Each structure stands twice: as C-alpha cells, then as structure tokens.
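Reviewing the structure listed below.
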Amino acid sequence: MKRIYGNNKLIQTLENMAEYDRTAHAVLFFGEKGTGKKTLAGYYTHLLMCRNKTNGKPCFNCKDCHNISDGIHPDVIIPEKSGKLGGYSVDTVKKICSDVFIRPNNSERKIYIFRDCNNMDERSQNTLLKIIEEPPEYAYFIFTAESKSKFLPTIISRCVSFGASPCSDEECYSALSEYGFSQTDINNAVRCFHGNIGMCLDYINDENLRELVQITKNITESIMKKDEYSLACNLNRIPKERESIRTVLSMLDRIIRDAVIKSYDKNISPSGCYPEGSERLSEIITLSSGEKIHNLIEKAWKAINSNVNTALALSALSGEISEIIQEEFF
C-alpha cells in the first residue's frame, strides 16, 4: 500500500482504535472527491484484518494484508452499483443483509465496503439500517461519500464519521513525484487542484478532465468580460454527461468563492482551478453578486440532478448569470 499523505490525525485515531480494540462496526469516510476516502477505507480494512499489527499499525505482509491489497480477500465484500446514478439498489442491499449472517470464510471478521455513496436512495438506506444497528459481532461496514448529508440521519447516528481533507501542496508534490510524472505535469496539476492528490492524478492522466478545466476557465473569462454570448457558448460546450456538468459547476463555484474571499483578503490561498482568474475576478465581483451566482449554480445542479433537460438548465443558468454581471459587476 502506498504511503498515505495528509489526514495524519485521522490515521492516528484509526490506529488507536485498533490498538485498544475499540474499532467501530460502522464507519463513514466523507470529503470532497480525490481526498483519499477510499484509501482511508482500505487502510481501516487492513487494520481490522491484519493479524500481525504492531502498535496498532498493519504489517502489510501477512496473508490477509496481501489478499486485501490484491482485492481477493474472501471476507472483504465490495457491493456492485447499478442504475443511471450509480447507486446501490434495494435488491443489492437485501442480498448483503442476508449474506451478513454467513460467518467469515477464514478470518475473524467480515467487511462490507460501500464506495461513493453519493446516490444511495432512502429505501436502500432504510433496508441497511437494522443490520447496521445490530450487526453480528464479526460484521463491519465501511462507507465513503462526498458529504454526510448524502445519508439519512438514522444512518449517520449509527456510524463513526471521519472527514477526509486535502493535504498540503508540498505533500501533494511529494506524492505525485512517486509516480514519476514530469515536473511540468505536477506543477500544472497542483496549480489547479492544490493538495487534492486524487484530482491531481486525474488531471495528469485524464485528457477529459483537462478539457473540463479549460472550459471552466473559459466560462470564468466570459463572466469577467461580461460577454453573454461567449458565456452561453462555453456553458454549451460542457459534455452532457451528468458527471461532467457537476465537475464544471463545482469548479466554477470554487472560483467564484475564491474571488469573493480575495476581494476582502488578497493573501488567502486559492482553492479553485484558476488562481489567476479568481485574482482578476476579485477586482470586480461583489459579495452580493458572488452569493447570487453561487445560488444559481446550486439551483442549476439540483435541476439537472432532478432530470431537467441539461441544455435548458444550462441555458437558464447562462441567462441568469448574465443579468447579475451586467447589473452588479463593477
């Protein structure tokens, strides 16, 4: 397993839980995409299964550790997703609830890892609720999601929740260097996604993400120039897949946030993918206009996520943002 960068206190907490035999049967790792939630879930799995721990740390050399790392451990189950939104169906969850009463194959514990639970509907969560509340002593459940709000309060109340966060830019440079990338690629990635190692890796390896970043920058330029036609064209350039739209809207929202904050404090470090753009935008944006654009972005995403026609939703977003920048920008 590669070295885990950042989240040091969180990792120490997990190790203390393992060392003093206080491991939780239901754990949720939450945080923005790319902050290492699945890596942390994997590390907790090693902590639960390793038979040769030292000071609460897994050995990564025993048979259980090797099988977990290779993805072939018979007692570590990763349920399959289904449907357009990539969620966990009620049927899948029911099978898990039945399987949980079958004792482990060759370990003392049995672990179910539900990854990226960003679209897990209420029926599936309610089906899981009873088994999470009163699991067999050998059964453990690990969830990852971008936000705790993706879950019902009844599920959250039965989980120990840990927030994952980006590491420092310096740690991100070190992590990316381990992969052998060029310094230019690393610099460009960290400039866009800072200490978010996962997103930096995606930026270097995925041409589609680089294109989405460029579209986001173009949208920002259109806003700064108060160019309604260019704004509409650039929003229309976003691929119509829901995930691509979500990525661009999320990156744009972060640039707007950076610009508003920088309008009050120039020394604040940016968190978005276009530091130069947010710096220039901060000269003309107001708190009021920034808040309104943020609300419009959220409104557009909620509409798209509710199956409103994407072209219509983005067209409406373009028109509404244009009204704001014409009326409120300096």
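The values are calculated or read from the model by the stated rules, or taken from the named source; none is laboratory data. Just so you know, these numbers come straight off a predicted model, no measurement behind them. For neighbour counting, all protein chains shown are included, and Cβ atoms are generated from backbone atoms with ideal geometry for every residue, glycine included. Note: areas computed on protein heavy atoms with side chains; ligands, DNA, RNA excluded. Shrake-Rupley method; radii C 1.70, N 1.55, O 1.52, S 1.80 Å.
Is it the case that residue 210 is open to solvent by 30 Å² or more (accessible area, probe 1.4 Å), under 30 Å from residue 322 (Cα atoms) and free of Cβ contacts under 8 Å to residues at least 12 places away in the same chain?
Spelling it out, residue 210 is indeed open to solvent by 30 Å² or more (accessible area, probe 1.4 Å), under 30 Å from residue 322 (Cα atoms) and free of Cβ contacts under 8 Å to residues at least 12 places away in the same chain.
For the range 79-129, which positions are over 23 Å from the mean Cα position of the chain (by Cα) and aromatic (Phe, Trp, Tyr)?
Of everything in the range 79-129, just one residue is over 23 Å from the mean Cα position of the chain (by Cα) and aromatic (Phe, Trp, Tyr), namely 101.
What single numbered condition from (1) part of a helix (DSSP H, G or I); (2) at pLDDT 95 or above fails to hold for residue 130?
Here residue 130 meets the rest and fails (2).
Output the helices (runs of 4 or more DSSP H) that fall wholly within the range 248-330 and possess 2 or more residues being farther than 28 Å from residue 195 by Cβ and of a type in the set (S, T, N, Q), or say none.
Result: 287-305, 310-328.
Within the range 1-117, which helices (runs of 4 or more DSSP H) (wholly inside it) include 3 or more residues that are touching a residue at least 60 places away in the same chain (Cβ under 8 Å) and either open to solvent by less than 20 Å² (accessible area, probe 1.4 Å) or in contact with a Gly (Cβ under 6 Å, 6 or more places away or on another chain) (or both)?
Correct list: 37-49.
How many residues does the range 143-164 contain that are open to solvent by 40 Å² or more (accessible area, probe 1.4 Å) and among the hydrophobic types (A, V, I, L, M, F, W, C)?
So the count comes out to 1.
What do you reckon, is residue 132 closer than 22 Å to residue 71 by Cβ, within 24 Å of the chain's Cα centre (by Cα) and either touching a residue at least 60 places away in the same chain (Cβ under 8 Å) or buried (at least 21 other Cβ atoms within 10 Å of the Cβ) (or both)?
Taking the combined requirement at face value, the residue does not satisfy it.
Please count how many residues of the range 214-233 are among the aliphatic types (A, V, I, L, M), crowded, with 22+ Cβ neighbours inside 10 Å and in contact (Cβ under 8 Å) with a residue 60 or more places away in the chain.
Here the count works out to 2.
Mind listing whichever residues of the range 133-148 are of a type outside the set (D, E, K, R), in a loop (DSSP other than H, G, I, E, B) and under 18 Å from residue 23 (Cα atoms)?
Passing the criteria: 135, 136, 138.
Look through the range 165-193, keep the residues that are in contact with a Gly (Cβ under 9 Å, 6 or more places away or on another chain) and outside any helix (DSSP H, G or I), and return whichever of them is least open to solvent (accessible area, probe 1.4 Å).
So the residue we want is 167.
For residues in the range 40-57 being out of contact with any Pro (no Cβ under 6 Å at 6 or more places or on another chain) and modelled with pLDDT of 95 or more, which is farthest from residue 6 (Cα to Cα)?
Applying the filter and picking the extreme gives 49.
Please enumerate the residues belonging to the range 229-245 that are modelled with pLDDT under 95 and in a helix (DSSP H, G or I).
Of everything in the range 229-245, those that are modelled with pLDDT under 95 and in a helix (DSSP H, G or I) turn out to be 242, 243.
Return yes or no: is residue 35 hydroxyl-bearing (Ser, Thr, Tyr), farther than 22 Å from residue 76 by Cα and within 22 Å of the chain's Cα centre (by Cα)?
The answer is yes for residue 35.
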